[in-house]
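The values are calculated or read from the model by the stated rules, or taken from the named source; none is laboratory data. Since the structure is predicted, the reported quantities are computational estimates derived from the model, not experimental observations. All Cβ positions, glycine included, derive from the backbone under ideal geometry; neighbour counts span all protein chains shown. Just the protein is used for accessible areas: all its heavy atoms, side chains included, with ligands, DNA and RNA removed. Shrake-Rupley method; radii C 1.70, N 1.55, O 1.52, S 1.80 Å.
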Amino acid sequence: MPTTAPAFADATASDSALRRFLFGLPGVDAVGLEARAAALGTRSIKTTAKAYAIDLAISMIDLTTLEGADTPGKVRALAAKAVHPDPLDRTTPRTAAVCVYPDMVSTAAASLAGSGVKVASVATAFPAGRAALDVKLADVRDAVAAGADEIDMVIDRGAFLSGRFLKVYEEIVAVKAECGTARLKVIFETGELSTYDNIRRASWLGMLAGADFIKTSTGKVATNATPANTLLMLEAVRDFRAQTGVQIGVKPAGGIRTTKDAIKFLVLVNETAGEDWLDNHWFRFGASSLLNDLLMQRQKLSTGRYSGPDYVTVD
């Protein structure tokens, strides 16, 4: 069943109604959006705040491996790193989740049992999303049955870009129904949506359909998460909660590799959506290499020495 917030039930009553709603959203001032994202990216923070930000960022990572060469051994090693990112310092926070393909969910779930680290799985014919709906739903069912706590689905960008918004909406609703208690992250692949207006429309479409998170990217295209597109999505979840009372998470993914990058995104969260989103229940980083840089910077703050990449595990 559709999960649209009551305030917007009429917006999804038909294809034409949904189109009117999405095209009735305010247009995005691209220059203003990019200028604000750039300005927030220049904020500096004190050492004590940096230490807090690094630990917060570590706790927000969906530690990810999505390669054709993934093996059970690699997934188990990644799970161990998620639970104890720095084996020599047990005060280091755990990551939020480990994200894998559906066939690796059972391995991840067994490795993370009792740790508090979630198992996330990409599904719905990731990363292209080019499959029949029954295939996508079977993908989700398999991942949930194997122990996934979270599902990261990709929208049909072809349908979205050709204006078949109700088709995209109904697919999200159907996937959400298959998730059961698992939380649903809806990936837009912002680098393929061409315009900021489309990113705003996709954000609202995903939220209307029942997404628990809206996510920028798969990490498999040239343009992934950027400060500007993440700022735009943060504005969308802020405005959605103001109008419905429903809070939705945001997950930038792809291309966030350094501590400096991560802190810029945390500033965006704080200044745009607010402190309520500064928690891994509501904000995540989709990343594979980011954790190592955060660990090196954390070690530098605690010891005064920069250890270098030889002192962290290679994923």
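Before moving on, here are some points about what is shown:
- Accessible surface of the stretch 20-309, 1.4 Å probe: 52 percent of it comes from carbon and sulfur atoms.
- Only Lys, Arg, Asp and Glu carry charge here, each on its Cβ (+1 for the first two, -1 for the last two); on that basis the stretch 36-135 has a dipole of about 460 debye about its Cα centre.
- Surface exposure of the stretch 20-309, expressed per residue as accessible area with a 1.4 Å probe, stands at 40 Å².
- Over 27 Å (Cα to Cα) - which of K46/K74; K220/K260; K74/K185 fall in this group: K46/K74
- Angle between the chain longest axis and helix 259-272 axis [Cα atoms, degrees, rounded to 10]: 40 degrees
- Angle between the chain longest axis and helix 165-179 axis [Cα atoms, degrees, rounded to 10]: 50 degrees
- Given charges at Cβ of Lys, Arg, Asp, Glu: the chain dipole, positive-most of A209, A49, A145: A49
- The charge dipole of the stretch 20-309, taken about its Cα centre with unit charges on the Cβ atoms of Lys, Arg (+1), Asp and Glu (-1) only, comes to about 600 debye.
- On Cα atoms only, tilt of 133-145 relative to the major axis of the chain in degrees: 40 degrees
- Positive dipole terminus of the chain, leading residue within A38, P26, A120 (C-beta point charges): A38
- Helical content of the chain, expressed as a calculated mean residue ellipticity at 222 nm, amounts to -14500 deg cm²/dmol (DSSP H runs of 4 or more residues, -39,500 (n - 2.57) each, divided by residue number, nearest 500).
- For the chain, built as a Gaussian network whose Cα springs stay under 10 Å, the top-fluctuating residue of G304, G163, G191: G304
- Distant-in-sequence amide contacts of G249, defined by a placed amide H-H separation under 5 Å and a gap of 5 or more residues or a different chain, comprise F213, I214.
- Of the three principal axes defined by the Cα atoms of the chain, the extents in descending order read 60, 43, 33 Å.
- GNM remark for the chain: springs join alpha carbons under 10 Å apart, and the peak mean-square fluctuation among P252, P127, P102 falls on P127.
- Which of S111, T91, T226, positive extreme of dipole for the chain (C-beta unit charges): T91
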